[in-house]
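Every number in this text was worked out from the coordinates using simple rules, so none of it is lab data. Source: prediction; values computed, not measured. FYI the Cβ positions are ideal-geometry reconstructions off the backbone, even for glycines, and counts take in every protein chain you see.
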Amino acid sequence: MFKDFTPQERKVVLSITFAVAVRMLGLFLLLPVLSPYLKTLEGSTPQLIGLAIGIYGLAQALLQIPFGYLSDKHGRKPVILVGMLTYALGSLMAGFVGNIWSMVFARFVQGFGAVSSAMIALSADLTREEVRTRAFAQIGASIGLTFALSLALAPVLAGRLGVPFLFFLTALLSLFATFLLMFQVPEPEARSKDREINPSLTNLLTLFKDVNQLFLNLSIGLLHAYLVLLFTVVPYELVYSYNFPKIHHWKIYLPTILVALALMLPAIVFAERRGRFKEVFLLGLFLIGLSYLSFEILKNFWGLVFMVLFFFLGFNLLEALIPSLLTRLTHRDLRGLSLGLFNTVQFLGAFLGGLWGGYVLKEGYPLMTYTALTLSFFWFFVSLLWFKHIKFSPKA
């Protein structure tokens, strides 16, 4: 995986990978157990459960562009420091709440730790273009492994120590990741003298007119809407419709994540070395569509299992490819702002996915499967058109 990396790139990628994995462990520990726990809070309704899960994404969306812009202007690491500390504060608040509206507010504060754009930009700044997809794939693989570990640990920890403990653990992990980033990852060298484009929010107009930016923004937004939808509906249904105890949910999640990761890395290397981004991208879309189709056909417990399996096969491919394609197709002086806009749409998608999942819990599965399949078909068709006109740099 690191064969073509320089020693400096290897150190940077491993450090960022570890920091991201530690940070994401705190977030992922909540996903498998949050929706059943929220049902127990005072004032809980299906819509408010979806809101509490999804509002994290809304808060993230509000600050991605400002944080991305500030990281272009003042540096990546100061922005990351502020965001990580804010996330830790929101996590502590969430651990103490007793009603659903207080949880909504705490999750909103958590979401103000909007460091995704600065983190991706930092990774892109410190790696060469010809190895960047593999760097993102390495980070993505660590996130996937962390996710798998979380799925195994979360039900056990929540069952024995309670969900509030997970929020407190999340705060601690966030602080640890902050320390690691501040002292192990260098700040990219300032390039104020050789900038072709000066930092300015007016540059957003350029990005809004960029077809590549628009397509990749919509792609990441829809992908994360699907992700939050899945983890709003599946854990809730496993507990309340199929009487499948939370402590055993890892038996579904862990094998599917590991299979997806095993297939992701060779596919990403194939895409990067052979220039076959289109084929791998479309395969990811096909698998996501297949996930919802399998559940619509079976409409039972095994339908949920196959939906999770096929979804993560597709999700892991696209989660590594989409940001890599964006950094290849965006001017280096606009990278932070571009990724800010990109992550704004990503977290808006997560917010809408939570609301979507809340309505699915109230209205039934057809609202999930029919809508998801229609959107997947449209996404696949637009992707075919986009790849017809896409042009990579010679290094791509």
**Request:** Would you kindly derive the ³J(HN,Hα) couplings of the range 15-21 from the backbone phi angles with the Karplus curve 6.51 cos²θ - 1.76 cosθ + 1.60 (θ = phi - 60°), listing them in order in whole Hz, with x for Gly and Pro?
**Result:** 5, 5, 4, 5, 5, 5, 4
**Fill in**
Per the rule of 0.36 nm per residue minus the C-alpha distance, extending residue 214 to residue 241 adds in nm 5.8 nm
**Request:** Would you mind computing, in nm to one decimal, how far apart the modelled labels at residue 204 and residue 89 are, each placed 7 Å from Cα along Cα→Cβ?
**Result:** 2.3
**Asked** How much of the calculated P(r) for the range 212-352 lies past 24 Å, in percent of all Cα pairs?
**Response** 37
**Prompt:** To the nearest µm²/s, what D does Stokes-Einstein give for the range 50-96 at 20 °C and 1.002 mPa s, using the Kirkwood radius over alpha carbon pairs as Rh?
**Reply:** 182
**Prompt:** Whole-Hz Karplus ³J(HN,Hα) for the range 160-169, in order, using 6.51 cos²θ - 1.76 cosθ + 1.60 and θ = phi - 60°, x for Gly and Pro?
**Reply:** 9, 10, x, 5, x, 4, 5, 5, 5, 5
**Request:** Could you list the GluC sites (Glu not before Pro) in the range 293-372 that lie in coil according to DSSP, counting only those with at most 16 other Cβ atoms within 10 Å of their Cβ?
**Result:** none
**Message:** Given a Förster distance of 56 Å, report the FRET efficiency between residue 276 and residue 40 from their Cβ-Cβ distance, rounded to the nearest 0.05.
**Reply:** 0.70
**Request:** Could you state the orientation-averaged shadow area of the convex hull built on the Cα atoms of the chain, in nm² to one decimal?
**Result:** 17.5
**Complete:** Residues meeting the amide H criterion for residue 113 (H placed from the backbone, H to H distance under 5 Å, 5 or more places apart or on another chain) are 87
**Item:** Centroid-to-centroid separation of the range 267-327 and the range 42-60 [C-alpha atoms, Å]
**Value:** 27
**Request:** Starting with the fewest neighbours, write out 374, 127, 206, 232 ranked by other beta-carbon atoms found within 10 Å of each beta-carbon.
**Result:** 374, 206, 127, 232
**Item:** Stokes-Einstein D for the range 245-286, Kirkwood Rh over Cα pairs, 10 °C, 1.306 mPa s (µm²/s)
**Value:** 135
**Complete:** In order over the range 359-373: 3J(HN,Hα) from phi, Karplus 6.51/-1.76/1.60, θ = phi - 60°, whole Hz, x for each Gly or Pro, gives 6, 5, 4, 8, 9, x, 4, x, 5, 7, 5, 5, 5, 5, 5
**Residue-averaged 222 nm ellipticity for the chain, from DSSP H runs of 4+ at -39500 (n - 2.57), nearest 500** = -28000 deg cm²/dmol
**Prompt:** Residues with amide H under 5 Å of residue 44's amide H, sequence separation 5 or more or different chain, H placed in the peptide plane at 1.01 Å from N; which?
**Reply:** 100
**Prolate/oblate/rounded label for the range 21-102 (Cα gyration tensor, a/c 1.5)** = prolate
**Message:** Between residue 161 and residue 269, how high is the FRET efficiency from 1/(1 + (r/R0)^6) when r is the Cβ-Cβ distance and R₀ = 56 Å? Nearest 0.05.
**Reply:** 0.90
**Message:** So, R0 is 22 Å and r is the distance between the beta-carbons of residue 179 and residue 10; what FRET efficiency does that work out to, to 0.05?
**Reply:** 0.55
